[in-house]
Amino acid sequence: MLLHDTEVPIRVELPEDRSYSIVFRPHAALPVLMREQGLRPGRCLLVTDKNVAAHYIEGIDVALKEDGWEPMVLVLPAGEQTKSTEHLHAIYDAALSWGIDRKTPILTIGGGVIGDLTGYAASTLLRGVPLVHVPTSLIAQVDSAIGGKTGINREQGKNLVGTFYQPVLVCIEPKSLYTLPRREWHSGLAEVVKHALIADVAFFDWIEDEIDRIVARDPGVVTDLVYRAASIKAKVVSEDEKEQGIRAILNFGHTFAHALERCLGYGLFTHGEAVTLGMRAALYLSRRYNRKVDHVRAVSLLERLPHPPVPSGFSNSALSDAMKTDKKRDAESLRFVLLKEIGKAYTTDTVSDADVNAAWSFALKRP
């Protein structure tokens, strides 16, 4: 049984006084937490999407106003398509028209799309304003809200324009996960399993044992699940903020996933669903190059994470071509994250085209 004292914040340790805490507290505690970070009441911009706004914005807005803040709320459309230049400029226009200054914090209330997009806006508005993440999706709580990656998508690929920009605070309320649609919960589990596969075999063992309760969103396991996964992400980021070394292992399955998303169009699959298939492909390669990998065991767990059927009509070669725009490529080589064994990952650029093709066939269950 994984038991964590969630009263103890998770720390992301960074140089130059940029370290920050990931705290597990109700949204009503935001004013106190912001004061503890040296943020003083005044104007603040809250950016969210229409789905999340219906659940949480009113309560957060009231809590901030009661503490003397003057919040402005910007509600954007939900979905991956919102990570665009159009909506980035909408944030710029709202913030600048309102008259923010360099001490005006921007709060992201939502999932990975809102966090990535708004984080990029915060990093560039007035050359940087304070950023507070209030993640409400599983993917955001265990992954995208931690580590400072921001960005938007372009036609050529996902997250190709962005910055590294760390928040001053991440506030997680696990209860917000119970308002997620079932599909979004399952999508987030892909990133949780990824963290276990690359860095924590004991966590993987626990997920295997508790998978029925995890998929069912049993309150008895949810907080432990989030805390352990977020701790893994925080540790990796603390060791390698800008992906010059070990942080690259967090991309396990993502080189395949981003190519799949590009070929299918953003929105048909959730990001987590694409990552689930991408990890199947990466596990195939891992087993091909490392016989100690318990491929069957890992794939069996991934099979518990639902995803829609993959449409026919596009080839393995089309998917491989889509990989060529991946921002993680090195010169003329693609960089893949593979497993030495469950809980230990590494990067390599020596995978053959034939093996990539075979990995696609395995991931998509093609003959």
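Observations, loosely collected:
- The C-alpha radius of gyration of region 1-113, expressed as a fraction of 2.2 N^0.38 Å, stands at 1.17.
- Pairwise centroid distance, computed over Cα atoms, of region 129-166 with region 217-294, Å: 15
- The mean sequence distance of close C-alpha pairs (under 8 Å, at least 6 residues apart), as a share of the length of the chain, puts its relative contact order at 15 percent.
- Taking other Cβ atoms within 10 Å as a rough exposure proxy, Leu285, Leu64 sort from fewest to most as Leu64, Leu285.
- Cα-based reach from Lys340 at 26 Å (exclusive), listing lysines while leaving out same-chain residues under 8 positions away: Lys194, Lys233, Lys235, Lys242, Lys292, Lys324, Lys327, Lys328, Lys365
- Relative contact order [Cα under 8 Å, 6+ residues apart], region 1-85, whole percent: 26
- For the chain, diffusion coefficient by Stokes-Einstein and Kirkwood Rh (Cα), 4 °C, 1.567 mPa s, µm²/s: 62
- Using C-alpha pairs below 8 Å separated by at least 6 residues, the relative contact order for region 10-179 is 26 percent.
- Remark: region 309-324, residue by residue, has Karplus-estimated 3J(HN,Hα) of x, 7, x, 7, x, 9, 9, 4, 5, 5, 5, 5, 4, 5, 5, 5 Hz, where x stands for each Gly or Pro and the curve is 6.51 cos²θ - 1.76 cosθ + 1.60 at θ = phi - 60°.
- The 3J(HN,Hα) values that the Karplus relation (6.51, -1.76, 1.60; θ = phi - 60°) gives for region 62-70 are, in residue order, 5, 4, 5, 4, 5, 9, x, 7, 10 Hz. Gly and Pro appear as x.
- Binned Cα-Cα distances of region 283-367, short to long, each 10 Å bin given as a whole percent: 15, 44, 37, 4
- Computed from backbone phi, the HN-Hα couplings of region 257-271 come to 4, 5, 5, 5, 4, 5, 5, 7, x, 5, x, 5, 10, 6, 4 Hz, rounded to whole numbers (Karplus: 6.51 cos²θ - 1.76 cosθ + 1.60, θ = phi - 60°; Gly and Pro given as x).
- Counting other Cβ atoms within 10 Å as a rough exposure proxy, the listed residues Leu169, Leu30, Leu334, Leu160 run Leu160, Leu334, Leu169, Leu30 from fewest neighbours to most.
- Least to most buried among His89, His254 (fewest other Cβ within 10 Å first): His89, His254
- Local net charge near Glu241, Cβ-Cβ under 9 Å (Lys/Arg +1, Asp/Glu -1): 0
FYI, it's all coordinate maths here, none of it is from the lab. Everything numeric here is computed off the predicted structure, so don't read it as measured data. Positions of Cβ are backbone-derived with ideal geometry, glycine not excepted, and every protein chain shown enters the neighbour counts.
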